[in-house]
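Data first, discussion second: the structure below is written as structure tokens.
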Amino acid sequence: MSDYGRAQLMLPRLTSTVKTLIIMLLCTYVAQLIADVWLKLGVGQLLALRPGGSELWQLITYVLVDLGHPLMFVIGLLFLWWALSPFEAAFGSRRTWQLCIVCALGGSLPAWLVGFVIAPSPPLFGSHVLWYGGITASVWMRRDGVINFFGLMAMTTKQFLLLILGLALLMFLASQNHSQFIGVLGAMAAGIGFVNWMARPRKPAPPKKKRRADAARARGFKVIEGGGGDGDGDDDERPKWLN
């Protein structure tokens with residue numbers, strides 16, 4: 001196989017939900033560039049999470065805010081594709097949206113609460129929490145196996161989690177934004193918690209006992225216990241049905 005063919009196998013098949021999510025993030029990114037960079041409307045400030053603030057919609061909308069370099073934004077979308085497409089292929093669209101919501105809240109709630117302790121705190125924004133949480137969830141599902149990092153090297157789950165934790169720490173050292181760092185840690189913890197929740201043991205449903213009288217009552221009949229002899233002295237003790 002040629003090098004070009006190997007490169008094509010580095011990313012999984014793009015699933016429908018992840019495709020929708022990527023298109024949505026790309027559209028909002030372009031809209032924000034126009035609104036905030038060109039028109040100076042300050043839409044990003046309205047949607048980004050202000051830790052300790054009262055605008056509770058920002059607990060979710062902050063993932064739509066990203067005014068960073070376009071190249072870094074596209075790399076983030078590729079990581080989102082790589083992290084969430086295998087998850088959707090395994091568990092479906094509904095679970096994928098649930099994971100995104102859980103990771104978004106897992107990132108925003110701790111950062112929002114820290115705003116009451118450390119004030120002022122820098123804003124939290126960006127979709128990176130989704131791929132941090134999504135990668136962690138996908139890796140945690142295969143925690144007993146070996147992770148093949150883009151086909152370049154084999155790593156254990158612990159090694160891979162330490163790698164992305166190190167990446168998050170480097171981003172914090174470069175930006176000095178503790179809200180972003182707390183959001184990443186919260187999203188990763190939320191991804192692990194969501195996988196554990198899906199794998200929880202479920203209680204088996206109690207067996208259904210099918211009885212003749214129960215079936216009759218379900219059809220609207222009334223059971224008359226005993227009685228109903230036929231006059232020959234040998235009363236039939238079987239239940240009689242009266243509509």
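The values are calculated or read from the model by the stated rules, or taken from the named source; none is laboratory data. Keep in mind the model is a prediction, meaning the values are calculated, not measured. Here the Cβ positions follow ideal geometry from the backbone for every residue, glycine too, while neighbour counts run over all protein chains shown. For the accessible areas, the whole protein counts, side chains as well, though only heavy atoms, and no ligand, DNA or RNA atoms are used. Shrake-Rupley method; radii C 1.70, N 1.55, O 1.52, S 1.80 Å.
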Practice item. Could you tell me whether segment 32-43 includes any residue that is open to solvent by 20 Å² or more (accessible area, probe 1.4 Å), modelled with pLDDT of 95 or more, of a type in the set (Val, Ile, Thr) and under 28 Å from Pro110 (Cβ atoms)? Key: no
Revision key, fill the gap. Across segment 46-69, the tally of residues that are among the aromatic types (Phe, Trp, Tyr) and in a helix (DSSP H, G or I) stands at 1
Practice item. May I ask you to list the residues in segment 146-171 that are buried (at least 17 other Cβ atoms within 10 Å of the Cβ) and either free of Cβ contacts under 8 Å to residues at least 24 places away in the same chain or more than 19 Å from the chain's Cα centre (by Cα) (or both)? Key: Ile147, Thr157, Phe160, Ala168
Exercise for review: Would you tally the residues in segment 67-93 being in contact with a Phe, Trp or Tyr (Cβ under 6 Å, 6 or more places away or on another chain) and over 20 Å from Ala48 (Cα atoms)?
Suggested key: 2
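So that you can scan it fast, the table gives a plain yes or no per residue for (1) within 17 Å of Ala168 (Cβ to Cβ); (2) open to solvent by less than 70 Å² (accessible area, probe 1.4 Å); (3) under 19 Å from the mean Cα position of the chain (by Cα):
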residue	(1), (2), (3)
Thr96	no, yes, yes
Val102	no, yes, yes
Gly106	yes, yes, yes
Leu113	no, no, no
Phe116	no, no, no
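Quick grid of which residues meet (1) on the phi > 0 side of the Ramachandran plot; (2) of a type in the set (Lys, Arg); (3) at pLDDT 50 or above; (4) part of a helix (DSSP H, G or I):
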| site | (1), (2), (3), (4) |
| --- | --- |
| Gln159 | no, no, yes, yes |
| Leu170 | no, no, yes, yes |
| Ala187 | no, no, yes, yes |
| Ala190 | no, no, yes, yes |
| Trp197 | no, no, yes, yes |
| Pro206 | no, no, yes, no |
| Lys209 | no, yes, yes, no |
| Arg217 | no, yes, yes, yes |
| Asp235 | no, no, yes, no |
**Study point:** Options Ser179, Ser121; residue that is part of a helix (DSSP H, G or I) and touching a residue at least 40 places away in the same chain (Cβ under 8 Å)
**Key:** Ser179
Practice item. Can you give me the number of residues within segment 70-92 that are free of Cβ contacts under 8 Å to residues at least 60 places away in the same chain and either part of a helix (DSSP H, G or I) or buried (at least 18 other Cβ atoms within 10 Å of the Cβ) (or both)? Key: 12
